[in-house]
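Shown next, in structure tokens, is the structure this report addresses.
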Amino acid sequence: MKIYIVKVALRGISPMVWRRFRLSGGTSLAAFHYIIQISQGWQDDHLHQFRIYGKY
């Protein structure tokens with residue numbers, strides 16, 4: 001299975017806050033959302049949106 005390296009950055013804050021993840025090709029967007037929540041110390045009360053190649 002492929003492994004993808006994904007960089008996630010928070011918009012509109014300085015200094016920039018970002019995380020880099022290694023995800024298996026089978027990771028769902030729902031699972032990825034959960035991974036981001038945990039990595040930021042959030043408790044699933046933040047809105048989120050995924051865009052792939054500029055599309056929602």
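Restricting to DSSP loop positions (anything but H, G, I, E, B) with no more than 14 other Cβ atoms inside 10 Å of their own Cβ, which trypsin sites (Lys or Arg not before Pro) remain in region 2-56? Listed in order of number, the matching sites are 2, 11, 51.
Length gained on full extension, residue 52 to residue 31, computed as 0.36 nm times the residue gap minus the Cα-Cα distance: 6.0 nm.
I'd like to know which of 1, 15, 40 lies farthest towards the positive end of the charge dipole of region 1-46, counting +1 on Cβ of Lys and Arg and -1 on Cβ of Asp and Glu. Positive-end residue among those listed: 1. Compared with the dominant principal axis of the Cα atoms in the chain, helix 29-40 is inclined by about 40°. Only DSSP H runs of four or more residues enter the estimate; each adds -39500 (n - 2.57), and after division by the residues of the chain the mean residue ellipticity at 222 nm equals -6500 deg cm²/dmol. Along its principal axes, the chain has C-alpha extents of 36, 24, 21 angstrom, given from the largest down. Counting 0.36 nm for each residue step from residue 39 to residue 5 and taking away their Cα separation leaves a gain of 10.7 nm.
Values in this text are rule-based calculations from the coordinates and carry no lab data. This one's a predicted model, so the numbers in the text were calculated from it and none came from an experiment. So basically every Cβ, Gly included, is an ideal-geometry build from the backbone, and we count neighbours across all protein chains shown.
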